[in-house]
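Working notes, beginning with the structure itself.
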Amino acid sequence: MKLEQTFMNFMLLHQESHKRSYNFLVLLEAIVTAAKYIEHYYHTGALKNLMGEAGIKNVQGENVMKMDDIANAIVINYLKQSNQVIHAISEEEPDPIPLNEDGGRYFIYFDPLDGSSNIKHNLPVGFMFGICKRNLDGPEDGRLRAGKEYRAAGIFLIPTGVFTLALADTGVFRFHSDETMTFVRPERIVFPDDDKTWELSFNTSNRKTFSEKVQRFIDEHEPRYAFRYMGALAGDFHRLLTNGGLFMYPAIVNHPKPEKNRPQGKLRLLYEANVAAFIAREAGGAAINEKGEDILDLRPQNPHQRTALYVGCKPLVETMRAQLR
Ligand code: AHG
Ligand code: MN
Ligand code: MN
């Protein structure tokens, strides 16, 4: 019989060794509980007719799936119950969601279900989040935090049952869900240095819509690396963390229908790009936008702002940065 160390025990020891509060554990417990319920509904969704569209559009003008709604409601419920969160920002809600404005200690930014186009196929989706802390030294103005101010960021891969968590200045750890749906067996994750396993991940059908600089980068690098893309950042980035390489969602600037250009990129800064960028930093990698600026330095202007994203192993990100500048 082999009994594994649990995620909660790992976190408890981490907080104690860094002389940090237990509030963070209460918050993480709520997040893990939410992830388990999302996982449950995702597993059983096809049988319960939950995999279709909800029939409404979200603040981003995208079709909301029933599972997007369900996952969002689950996360908000458990965050509220935890009492630890001042306000939350969700992909599925136009405005910040007030939860415990006076007593809360954290801000959380989340995408309850990333990779919605995979839902109807039961393929991997994710629950992604970033956590920031209240200013404990003076008045809290509630401003949106830049990625470098996150204290933690994580991704649950659903329905695979793998949880990746990055802790500020500490590193990245991966946990697996066991038979009792307990996350166990912490494993430290760093990007591989050796480029033998590296991959390129982007939506190849967009290739001709990228800037010439980005297209040149692809031309130069594609002979050496395999392409992999599942259409869910949570899944693509999960794979990239293990194998190394570069994930990108560049700005769309050369679309044959100019109204379809996306000079700001597609992915959302607070709960997609920053989550990947923060995890990448803690795993020894880097992330930049279309101007070659560090994603984690960007000062958010609004909760749902988009950004182009290049994230992965440093040598590739730095080559791309040089190309973009
Ligand atoms: P969401 O399902 O939360 O709206 O996010 C979808 C995002 C992201 O997960 C993925 O990397 C990207 O959209 C895929 O976009 P394309 O279909 O344009 O490749
Ligand atoms: Mn998403
Ligand atoms: Mn989503």
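Given the -39500 (n - 2.57) contribution per DSSP H run of 4+ residues, what per-residue ellipticity at 222 nm results for the chain, rounded to the nearest 500 deg cm²/dmol?
Computed mean residue ellipticity for the chain: -9000 deg cm²/dmol.
Using the Karplus curve 6.51 cos²θ - 1.76 cosθ + 1.60 with θ = phi - 60°, what ³J(HN,Hα) values do you get for each residue of the stretch 159-172, in whole Hz, with x for Gly and Pro?
Karplus values, whole Hz, x for Gly and Pro: x, 6, x, 10, 10, 10, 10, 9, 10, 3, 6, 10, x, 10.
At 0.36 nm per residue, and after removing the present C-alpha to C-alpha distance, how many nm does the segment from Lys57 to Ser17 gain when stretched out fully?
On the way: separation 40, 0.36 × 40 = 14.40 nm, distance 4.55 nm.
Length difference between fully extended and current span is 9.9 nm.
What value in Å³ per residue do you get for the convex hull of the alpha-carbon atoms in the chain?
143
Want the number for Arg143 to Ala73: 0.36 nm per residue separation, take away the alpha-carbon distance, what's left?
Values: separation 70, 0.36 × 70 = 25.20 nm, distance 2.40 nm.
Between Arg143 and Ala73, full extension yields 22.8 nm more.
If you place +1 on the Cβ of every Lys and Arg and -1 on the Cβ of every Asp and Glu, how big does the dipole about the Cα centre of the stretch 225-325 come out, in debye to the nearest 20? Before the final figure, lay out the partial values.
Details: 14 positive and 9 negative charges, 53 e Å.
Charge dipole of the stretch 225-325: 260 debye, to the nearest 20.
What angle do you read, to the nearest 10 degrees and between 0 and 90, between the alpha-carbon axis of helix 314-324 and the longest principal axis of the chain?
Taking the Cα atoms of the chain, the angle to 314-324 is about 50 degrees.
What relative contact order, as a whole-number percentage, does the chain give when Cα pairs under 8 Å and 6 or more residues apart are counted?
On the way: 683 pairs, mean separation 49.2, N = 325.
Relative contact order of the chain: 15 percent.
Would you work out which of Pro263, Cys313, Ala226 lies farthest towards the positive end of the dipole of the stretch 195-324? Charges go on Cβ: Lys and Arg +1, Asp and Glu -1.
The listed residue farthest towards the positive side: Pro263.
Any idea how far apart Arg188 and Arg224 come out in nm if each label point goes 7 Å out from Cα toward Cβ?
2.7
Can you compute the charge dipole magnitude of the stretch 1-154 about its Cα centre, using +1 on each Lys and Arg Cβ and -1 on each Asp and Glu Cβ, nothing else charged? Give it in debye, rounded to the nearest 20. Each step should come with its number before you reach the end.
On the way: 16 positive and 20 negative charges, 92 e Å.
Approximately 440 debye in magnitude.
Quick one: Karplus J couplings for the stretch 88-102, per residue in order, coefficients 6.51, -1.76, 1.60, θ = phi - 60°, nearest Hz, x for Gly and Pro?
Using θ = phi - 60°, the values come out as 10, 10, 10, 4, 8, 10, x, 10, x, 9, x, 10, 8, 5, 8 Hz.
Which trypsin sites (Lys or Arg not before Pro) does the stretch 215-315 hold that lie in a coil by DSSP with at most 12 other beta carbons within 10 Å?
On the way: sites: Arg216, Arg224, Arg228, Arg239, Lys260, Lys266, Arg268, Arg281, Lys291, Arg306; in loops: Arg224, Arg228, Lys266, Lys291.
The qualifying sites are Arg224, Lys291.
Hey, fewest Cβ within 10 Å first, where do His43, His221 land in order? Could the numbers behind the result be given before it?
Values: His43 13, His221 16.
Result, fewest neighbours first: His43, His221.
Could you name the lysines in cross-link range of Lys48, using Cα to Cα under 24 Å and dropping any fewer than eight places away on the same chain?
Lys36, Lys57, Lys66, Lys120
For the stretch 178-325, what is the relative contact order in percent, using Cα pairs closer than 8 Å and at least 6 residues apart in sequence? Before the final figure, lay out the partial values.
Working: 256 pairs, mean separation 39.2, N = 148.
Reported relative contact order: 26 percent.
Take every DSSP beta bridge whose two residues both sit in the chain, then give the antiparallel share in percent to the nearest 5.
On the way: 47 of 57 bridges.
Counting DSSP beta bridges with both partners in the chain, the antiparallel share is about 80 percent.
Where a number appears in this text, it was derived from the coordinates with a stated rule and is not lab data. Note that the coordinates shown come from a computational prediction; the quantities given were computed from them, not determined experimentally. So basically every Cβ, Gly included, is an ideal-geometry build from the backbone, and we count neighbours across all protein chains shown.
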